[in-house]
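Take a look at the structure below.
The values are calculated or read from the model by the stated rules, or taken from the named source; none is laboratory data. Since we're looking at a predicted model, the values are computed, not measured. FYI the Cβ positions are ideal-geometry reconstructions off the backbone, even for glycines, and counts take in every protein chain you see. Calculation scope for accessible area: heavy atoms of the full protein, side chains included, ligands and nucleic acids excluded. Shrake-Rupley method; radii C 1.70, N 1.55, O 1.52, S 1.80 Å.
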Amino acid sequence: MGAVHIYVWDKAREVNFAKDLKKAGIDKALIIWNANHKPYPEKDYDSKLKQLGYATGWYELFTDIYPDAHTSSNTLEDIPLKRNVYPGLFDEITSRKKDGSTYINQFGTYVCPEAVRPEIIEI
């Protein structure tokens with residue numbers, strides 16, 4: 001069987017949360033956290049989760065893309081990520097409506113999965 005896919009926030013970013021999952025009978029899980037949001041997990045969090053038998057990693061939100069000139073494309077203070085994961089490719093990889101406008105929400109512009117696929121494979 002597969003594993004549950006869990007995005008963790010706040011207190012769930014502590015190893016005790018994962019230990020509680022294990023006690024509850026959840027033996028397989030992919031536990032992901034987003035570095036764009038604090039608080040960050042405790043030191044050695046990922047290693048401790050792996051010791052419990054869980055897969056872990058960072059969450060990358062590909063909808064948070066802006067043109068390179070946008071102010072949030074710079075490294076955000078206290079957050080070591082850039083909002084634009086694919087610098088210089090905004091026009092090529094954003095999802096477009098029939099009228100040519102982009103799909104956008106409060107966080108950024110949506111990336112077109114088909115257009116970005118070659119970039120993901122390259123990584």
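Contact annotation: residue pairs with Cβ atoms under 6 Å, 6 or more positions apart or on different chains, pairing a residue in the stretch 1-18 that is at negative phi with a partner that is part of a helix (DSSP H, G or I), are Val15/Lys48; Ala18/Leu49. Please indicate, with yes or no, whether at least one residue in the stretch 38-58 is of a type outside the set (D, E, K, R) and open to solvent by 90 Å² or more (accessible area, probe 1.4 Å). The answer is yes, given that some residue of the stretch 38-58 is of a type outside the set (D, E, K, R) and open to solvent by 90 Å² or more (accessible area, probe 1.4 Å).
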